[in-house]
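Notes follow the structure.
Throughout, read-outs are computed from the coordinates displayed, never taken from laboratory work. The shown structure was predicted, so the numbers you read here are calculated from the model rather than taken from an experiment. Cβ placement follows ideal geometry from the backbone for every residue including glycine, while neighbour counts extend to all protein chains displayed.
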Amino acid sequence: MRFYLVDKVTEMCPGKYVEGYKCVSLSDDIFNEHFPGSPIFPGTLIIEGMAQLSGLFLEWCRTRAGYPPRRAALTLVQRVKFRGMVTPGDRLVYRADVKCLYPDEYGAVKVKALKDGRVCAEGELLFTFLDIADAGMLEVSDALMKFATRDARIVE
Amino acid sequence: MQDIEAKLKENLVPILGLESVDDIHSDSALVRDLGAESIDYIEILYMIETEFGVKIKISEITMNDYGVEGIPEDGRLTAELAAQLNRDFDSDQFKEGQTTADIFQIFTVHNLAAVISKKMS
């Protein structure tokens, strides 16, 4: 399984919010074990998807504002509540709203995952910004961002 | 100030992975006594922002601000700067000759409460 849990970023408003989605498929490897005969997309992967979307977005906001590239590192997951099950065939829409963003220190977002317009997970994530260890990692991160945001609408 | 310190202690318990608020004393040093790591500081600052409604920059409690403004090239506190730190952080623990690393190690819960109190007023 490739550990990319955001298929597409659809809308980005710098410093404010981002939206994207993940299509859950029966062919995802995770369903071999979670659970045999009763495929349920794990809540932990929903958190990871929301974190990937939020982290990429905060990195993008920083560099767009002229700060040198740094990696958003998840430091706190809090008040997460799962409100509905996610199964193969569902499209999970992720949204992250910025609570605060200090480009030299940290950023916090309120996140939610929706299925057919209904919230199935929500919570709050905190990120700090770390110096990127090597150029290879930065390259991969940039490539992922470029691909994920290929059709994204930027709202100013 | 006492209310601020009590609320701060309660909120530090889960962040620092402690058993109870009784593990935290006013003169407990965040790093040396309570084992705070740099990543904990991000969470502590975010907690202060959400619980107390004031924003503290990491440089304000890691002494970078003072480092830029006042600490001489040898990196050790002068008597004047030590007196200033003691005033700012309601303390008497800062002394001439200490380094920024020393100060970071001995920065206490009470010192942090003093910064919050100052910001709130």
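Things worth noting here:
- Calculated P(r) of the protein assembly as shown - Cα pairs past 23 Å, %: 61
- The share of alpha-carbon pairs in chain B lying farther apart than 17 Å comes to 54%.
- Additional length obtainable on full extension of the chain from A:D116 to A:R71, 0.36 nm per residue less Cα span: 13.0 nm
- Degrees, to the nearest 10: A:43-64 long Cα axis against longest axis of chain A: 20
- Whole-Hz couplings from phi, Karplus 6.51/-1.76/1.60, listed for the stretch A:111-125; x for Gly and Pro: 10, 8, 10, 10, 10, 6, x, 9, 6, 10, 7, 8, x, 9, 10
- Karplus 3J(HN,Hα) series, Hz, for the stretch A:86-94 with 6.51 cos²θ - 1.76 cosθ + 1.60 (x for Gly, Pro): 10, 10, x, x, 7, 10, 8, 8, 9
- Residue-by-residue Karplus 3J(HN,Hα) for the stretch B:41-54, coefficients 6.51, -1.76, 1.60, Hz, glycine and proline x: 4, 4, 5, 5, 5, 5, 4, 4, 5, 7, 8, 10, x, 10
- Taking the number of Cβ atoms within 10 Å of each Cβ as an exposure proxy, the fewest-first ranking of B:M47, B:M1, A:M137 is A:M137, B:M1, B:M47.
- Amide H contacts under 5 Å for A:T149, placed H, 5+ residues apart: A:V9
- Helix A:135-148 and the long axis of chain A differ in direction by around 60°, with both axes built from C-alpha atoms.
- The modelled label-to-label distance for the pair A:I154/B:T100, using points 7 Å beyond Cα in the direction of Cβ, is 3.5 nm.
- Among B:L85, B:L18, B:L34, residue whose mean-square fluctuation peaks in a GNM of chain B (springs only between Cα atoms under 10 Å): B:L18
- Calculated FRET efficiency for the pair A:N32/B:M120, C-beta based, R₀ 51 Å, to 0.05: 0.40
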